[in-house]
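These notes are about the structure you will find just below.
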Amino acid sequence: MKVNVISRSGREVIKGGLELNDSATVDDLQEAIHKRTKKFYPSRQRLTLPVQQGSKERPVVLSSKKSLKEYTNGNSNDLTVVFKDLGPQVSYRTLFFFEYLGPLIIYPLFYYFPVYRYFGFKDERVIYPVQTFALYYWCFHYFKRIMETFFVHRFSHATSPLSNVFRNCLYYWSFGSYIAYYVNHPLYTPVSDLQMKIGFGFGILCQISNFYCHILLSNLRGADGSGGYQIPRGFLFNIVTCANYTTEIYQWLGFNIATQTIAGYIFLVVAAYIMTNWALAKHRRLKKLFDGKDGRPKYPRRWIILPPFL
Ligand SMILES: NC(=O)c1ccc[n+]([C@@H]2O[C@H](COP(=O)([O-])OP(=O)(O)OC[C@H]3O[C@@H](n4cnc5c(N)ncnc54)[C@H](OP(=O)(O)O)[C@@H]3O)[C@@H](O)[C@H]2O)c1
């Protein structure tokens, strides 16, 4: 079969098109494009079906495992696909690893090294127990997230644009430095012993719950990330769609109860805002996928992220 590969402006991306076997899949087409262009490896390519000019419809994205015949309406030996370069890609594991590595390295620098000398504080620093526990808590959190990235999460998307590495690192690394600066500051005033214990105790409980939520999510898929999106069930997922975000938000609340800095609370608000937006989208997607029609199960009634408010 003949496949014409064009850009969104209609320009031919592969001169003369490609000749492929009748049983070829979208994967085969992507490999063939890669062979001819070298630069555009498969995860860099987004292939869609052409849409009528001026149409407001979203283009159909070609799914890699499907046969090309499925996109030709079964009766044509010609197929035209629209190619978009997604830019350089990195694996999700690489993305997550670098964004979490920053806070894991930066935070201890403020605790162990005399960095405050460079900010004009010449005297010896007194280190309070809460600052030491905060260091352990913080490092445990980011170490856990790196371990989960490599050994728990089963990602459905192979890659993410390289530009996300810079954006996400900026977010995590700068917030990490901002919070570390204030929690380890020579003029830091600790909270009461009871408040510290309540904060860290509650926070650790939420971190363990968050880990368990990630195990439950990973059990919804095969080891290779196959299986698509399923209805998460068990533990807190029986009442809230994004129980992993709920426990993430609460574990930062625990950290902030124990350490009490404005920087920490700002991070909590920003992180909660981001996760709420993602949770709304995930809840919508699950309700759409599991609509109770044509034999599909109906998504149960649940809170989205923060019961009893949302
Ligand atoms: N502090 C912050 O600002 C912040 C922000 C975001 C996240 N986090 C933390 O990082 C963790 C991971 O974040 P994330 O956004 O990657 O979490 P996520 O999308 O909810 O899920 C983690 C893993 O579970 C999979 N998954 C989610 N819902 C599923 C379903 N219904 N069926 C099958 N698999 C499903 C995801 O698959 P896909 O690969 O298909 O997505 C992903 O591999 C969060 O749980 C949270 O603890 C922190």
request  = Return the loop-located GluC sites (Glu not before Pro) in segment 68-176 (DSSP other than H, G, I, E, B) with at most 14 other Cβ atoms within 10 Å of their own Cβ; answer none if there are none.
outcome  = 124
message = Would the chain count as rounded, prolate or oblate if I go by the C-alpha gyration tensor, calling it rounded below 1.5 in a/c and otherwise prolate when a/b exceeds b/c, oblate otherwise?
response = prolate
Hits among lysines - C-alpha to C-alpha of residue 84 under 28 Å, sequence gap 8 or more where chains match = 2, 15, 35, 38, 39, 56, 65, 66, 69, 282, 288
message = I'd like the orientation of helix 193-218 relative to the chain: the angle between its Cα long axis and the longest Cα principal axis, in ° from 0 to 90, rounded to 10.
response = 20 degrees
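Using a 1.4 angstrom probe, figure out how much accessible area the chain has per residue, in square angstrom, rounded to the nearest whole.
Here the per-residue accessible area is 57 Å².
Could you tell me what percent of the accessible area of the chain is made up of carbon and sulfur, with a 1.4 Å probe and every protein chain present? Kindly include the intermediate steps, with their values, before the conclusion.
Working: 10680 of 17560 Å².
With neighbouring chains kept in place, the figure for the chain is 61 percent.
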query = Can you list the residues, at least 5 places off or on another chain, whose amide H is less than 5 Å from the amide H of residue 45, using H built in the peptide plane?
reply = 86
remark   = Sparse-neighbourhood loop hits (trypsin sites (Lys or Arg not before Pro), segment 254-310; DSSP loop; Cβ within 10 Å at most 10 others) -> 293, 301
ask   = Against the longest alpha carbon principal axis of the chain, how many degrees, from 0 to 90 and to the nearest 10, is the axis of helix 243-259 turned?
value = 20 degrees
note = In terms of the charge dipole of the chain, which places +1 on Lys and Arg and -1 on Asp and Glu at the beta carbon, the residue among 64, 273, 135 farthest towards the positive end is 64
key: Which of 115, 152, 97, positive extreme of dipole for segment 90-289 (C-beta unit charges)   = 152
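Pick out, in residue order, every one of the trypsin sites (Lys or Arg not before Pro) in segment 1-59 that is DSSP loop and has at most 16 other C-beta atoms within 10 Å; say none if there are none.
Those satisfying the criteria are 8, 11, 15, 38, 39, 56.
The values are calculated or read from the model by the stated rules, or taken from the named source; none is laboratory data. Computed from a predicted structure; not experimentally measured. Reconstructed Cβ throughout: ideal geometry from the backbone, glycine too, with neighbour counts over all protein chains shown. The area values use the complete protein model at the heavy-atom level, side chains included, leaving out ligands, DNA and RNA. Shrake-Rupley method; radii C 1.70, N 1.55, O 1.52, S 1.80 Å.
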